[in-house]
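Remarks on the structure that follows.
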Amino acid sequence: GQLPTWLQGILLRNGPGMHTIGDTKYNHWFDGLALLHSFTFKNGEVYYRSKYLRSDTYNYNIEAKRIVVSEFGTMAYPDPCKNIFAKAFSYLSHTIPEFTDNCLINIMKTGDDFYAVSETNFIRKINPETLETLEKVDYSKYIAVNLATSHPHYDSAGNILNMGTSIADKGKTKYILFKIPPSVPEKEKKKSCFKHLEVVCSIPSRSLLHPSYYHSFGITENYIVFIEQPFRLDIVKMATAYIRGVSWASCLSYQKEDKTWFHFIDKKTKKEVSTKFYTDAMVLFHHINAYEEDSHIIFDIIAYKDNGLYDMFYLKNLHNDFEENSKLTSMPTCKRFVVPLQYDKDAEVGSNLVTLPSTATAVKEKDGSIYCQPEILCEGIELPRINYDYNGKKYKYIFATAVQWSPVPTKIVKFNIQTKEMLHWGEDCCWPSEPVFVPSPDAREEDDGIVLTCIVMSDPKKAPFLLVLDAKTFKELGRATVDVEMHLDLHGVFVPEKDLKAETE
């Protein structure tokens, strides 16, 4: 096929790549050592490269020829030959664990720099053109967080907004929203932008020892949307996991009788909206988008009725008949919540306070809290992306993978929220990755542009490829076949050529 002439830049992707080291194997697919890969678009041609992230974790494991650094689903034990004192000491030092810097989930841009990120306090700077691993940054040197999301947001000024959890710090466990500026003042050129990191606000966890797990959050023009779900980390279990010989993942539990709480933080006042909004128990990983309309906050997420998705990806479950035999116990559901920030305080108990045309409801309870029920937009999609120029604004289109009851994606879809129309691209034996939307330079409409996705083949005789779709029609424009074994990745970004100039200079 043909690529649009304006497509110049690099698609950077990240995901788990190596699951066996020497005689040892990770337990979980999400634990594998990070493998970066990139597709560079130059004058109608595509160049591929891939490289393992040379994290400290990677280096320690490769040197020891076995897994010596623990990951979320795999607890590792240091040298078995150590004497009893050294062993006892390493047990004690694991209480609040020294987390891994195997940053395998996403790529984050700060100013002119790019970082491989996961959900620990470590991120690794990378060179987007050579995929070389550069310095390691520890968030906890600048802010009291032990965990941070791999899905930050970017505002119009180029600031990064992200959330992290501060575990039992000064007797409190809280969720912290923080901001990283894109650059530092001229006179401080040698300093990093992390030195100017600023805490926007913090939300106390409902429980000191059971903070909510979260993978992403939402943002509108004036608010941050944070969802505290009853899918929680047990800190005491986590502190003793090493001694008990179990993984940290086993310290996550889902309380299906509990509520899911919505928090809205006003960006200007840095204060949380005082009304208590909640819905039924659910598990979510991905926020899609959020925006404001007529004093309501509207936010779209992909939610599950249980936490079965994570369990699917234990390597013992990933065998040859995985596609046929692994069935999700809960279908991913695209839900829209409509939350009235301003409403008639004298409204009757039991009345629906949503005044926008939607089947979503927000019902006033006796105690003044508001119980929200969503509108179901569609089912069976995951890894959602949008045209990021519409982030925090009213929008129309979601680009995603179609998953149905199996966790392996079979198609790429474009979903129109307003008409509920869905366009598909799919072929036999194809497992597509998260679709990335790239707007065309003269875009007038939300879907003016292309969609990029990496396709891994389940048929070993067929080569993997990069797929380029016209975002409007969803027709294939071209594909670039790659003559290597490509890994199934997780998330990534497209970096336009103009954002790379600084690197080469």
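The values are calculated or read from the model by the stated rules, or taken from the named source; none is laboratory data. All values derive from a computational prediction rather than experimental measurement. Every residue, glycine as well, gets a Cβ built from its backbone with ideal geometry; the counts of neighbours run over all protein chains shown. In case anyone asks, the SASA skips ligands and DNA or RNA and just uses the protein heavy atoms, side chains included. Shrake-Rupley method; radii C 1.70, N 1.55, O 1.52, S 1.80 Å.
Scanning segment 461-477 for residues that are in a strand (DSSP E or B) and either open to solvent by 70 Å² or more (accessible area, probe 1.4 Å) or not acidic (Asp, Glu) (or both) turns up Phe465, Leu466, Leu467, Val468, Leu469, Glu476, Leu477. Scanning segment 244-271 for residues that are within 19 Å of Ile176 (Cα to Cα), touching a Phe, Trp or Tyr at 6+ places or on another chain (Cβ under 7 Å) and open to solvent by 10 Å² or more (accessible area, probe 1.4 Å) yields Trp261, His263, Asp266, Lys267. Here Tyr388 fulfils each of the conditions (1) touching a helix residue (DSSP H, G or I) at 6+ places or on another chain (Cβ under 9 Å); (2) modelled with pLDDT of 95 or more; (3) among the hydroxyl-bearing types (Ser, Thr, Tyr) apart from (1).
Restricted to segment 193-243, and to residues that are of a type in the set (A, V, I, L, M) and in a helix (DSSP H, G or I), which residue is farthest from Leu177 (Cα to Cα)?
That would be Ile243.
If only residues of segment 419-437 that are among the aromatic types (Phe, Trp, Tyr) and farther than 13 Å from Ile398 by Cβ are counted, the one that is surrounded by the most Cβ atoms within 10 Å (Cβ to Cβ) is Trp425. Look at (1) open to solvent by 40 Å² or more (accessible area, probe 1.4 Å); (2) of a type outside the set (S, T, N, Q); (3) in a loop (DSSP other than H, G, I, E, B) and you find that Tyr371 fails only one, number (3). Only strands (runs of 3 or more DSSP E) whose full extent lies in segment 1-52 are considered here, and the ones with at least 1 residues that are open to solvent by 40 Å² or more (accessible area, probe 1.4 Å) and small (Gly, Ala, Ser) are 45-52.
Out of the residues in segment 267-303 that are of a type in the set (D, E, K, R) and either modelled with pLDDT under 95 or in a loop (DSSP other than H, G, I, E, B) (or both), state the one that is nearest to Tyr154 (Cα to Cα). Per the criteria, the residue is Lys267. Among the residues here, Tyr175 does not qualify as under 22 Å from Ile301 (Cβ atoms) and either of a type in the set (A, V, I, L, M, F, W, C) or in a loop (DSSP other than H, G, I, E, B) (or both). Please determine whether any residue of segment 372-384 is free of Cβ contacts under 8 Å to residues at least 60 places away in the same chain and more than 25 Å from Pro340 (Cβ to Cβ). Yes, segment 372-384 contains at least one residue that is free of Cβ contacts under 8 Å to residues at least 60 places away in the same chain and more than 25 Å from Pro340 (Cβ to Cβ). Remark: pairs (first residue in segment 17-34, over 22 Å from Ser50 (Cβ atoms); second residue of a type in the set (Lys, Arg); Cβ separation under 8 Å; 6+ apart in sequence or on different chains) = Asp23/Arg66; Thr24/Arg66; Asn27/Lys316. Against the criterion of being among the small types (Gly, Ala, Ser), surrounded by fewer than 22 Cβ atoms within 10 Å (Cβ to Cβ) and at pLDDT below 95, Ser440 does not qualify. Evaluating Phe277 against the criteria (1) under 22 Å from the mean Cα position of the chain (by Cα); (2) crowded, with 19+ Cβ neighbours inside 10 Å; (3) in contact (Cβ under 8 Å) with a residue 24 or more places away in the chain leaves one unmet condition, (1). Tell me whether segment 314-333 contains one or more residues that are open to solvent by less than 70 Å² (accessible area, probe 1.4 Å) and at pLDDT 90 or above. Among the residues of segment 314-333, at least one is open to solvent by less than 70 Å² (accessible area, probe 1.4 Å) and at pLDDT 90 or above, which makes the answer yes. Taking first residues from segment 134-151 that are under 16 Å from Ser202 (Cα atoms) and partners that are part of a helix (DSSP H, G or I) and at pLDDT 90 or above, the Cβ contacts under 6 Å between residues at least 6 apart in sequence or on separate chains come to Tyr142/Phe194; Val145/Tyr139; Ala148/Tyr139.
Restricting attention to segment 111-132, the residues that are hydroxyl-bearing (Ser, Thr, Tyr), out of contact with any Lys or Arg (no Cβ under 6 Å at 6 or more places or on another chain) and surrounded by fewer than 23 Cβ atoms within 10 Å (Cβ to Cβ) add up to 1.
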